[in-house]
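The block underneath contains the structure these notes are about, expressed in structure tokens.
The values are calculated or read from the model by the stated rules, or taken from the named source; none is laboratory data. Just so you know, these numbers come straight off a predicted model, no measurement behind them. Here the Cβ positions follow ideal geometry from the backbone for every residue, glycine too, while neighbour counts run over all protein chains shown. Calculation scope for accessible area: heavy atoms of the full protein, side chains included, ligands and nucleic acids excluded. Shrake-Rupley method; radii C 1.70, N 1.55, O 1.52, S 1.80 Å.
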Amino acid sequence: MYSLTSANRYSLYQGFVRMNLGIDGLFKIIRSEMKDLSPVSGDIFLFFGKNRQSVKILRWDGDGFLLYYKRLEGGSFELPTFNPNTGNYEISYQVLSFILNGVSLKSVRLRKRFRI
């Protein structure tokens, strides 16, 4: 019900946000800067703070928003490289897991697998 799974789509906001923004502030960012995406689609939206020590994850749960928040006590999150010409960046659940668990994205090499 509240879990993040590989069945979801994850969109990473390319800018950095103030961590005092709540659901309404993040909703406005999606509406104004990630225009081709809908906040109530069931997709999951990721927002990082400027120092990359905190992340907010916004998700529509059918009848309301869920807001997840993680702040690191030490270190920072490593983010994938962005394309500055677009307002969002879609990542996989596996990449999100790597980011949240502190795995270096530059050193991870995923082997090819058959996918349908």
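Taking the range 83-99 as the search range and keeping residues that are at pLDDT 85 or above and of a type in the set (S, T, N, Q), which one is nearest to residue 13 (Cα to Cα)?
Checked the range 83-99; the qualifying residue nearest to residue 13 (Cα to Cα) is 92.
Considering only residues that are outside any loop (DSSP other than H, G, I, E, B) and either of a type in the set (Gly, Ala, Ser) or over 23 Å from residue 6 (Cβ atoms) (or both), look in the range 27-68 and name the one that is modelled with the lowest pLDDT.
33
Any residue in the range 24-35 that's on the phi < 0 side of the Ramachandran plot and surrounded by 12 or more Cβ atoms within 10 Å (Cβ to Cβ): show its pairings with residues that are modelled with pLDDT under 90 and assigned to a helix (DSSP H, G or I) at Cβ separation under 6 Å, as long as the two are six or more apart or on different chains.
Every condition considered, no pair remains.
Inside the range 47-64, can you point out the residues that are within 19 Å of residue 33 (Cα to Cα) and open to solvent by less than 60 Å² (accessible area, probe 1.4 Å)? Steps first, please.
Narrowing the range 47-64 to residues within 19 Å of residue 33 (Cα to Cα): 47-50, 55-60.
Across the range 47-64, the qualifying residues are 47, 48, 49, 55, 56, 57, 58, 59.
Just give me the residues in the range 12-47 being of a type in the set (Asp, Glu) and either within 14 Å of residue 60 (Cα to Cα) or in contact with a Pro (Cβ under 9 Å, 6 or more places away or on another chain) (or both), in sequence order.
24, 43
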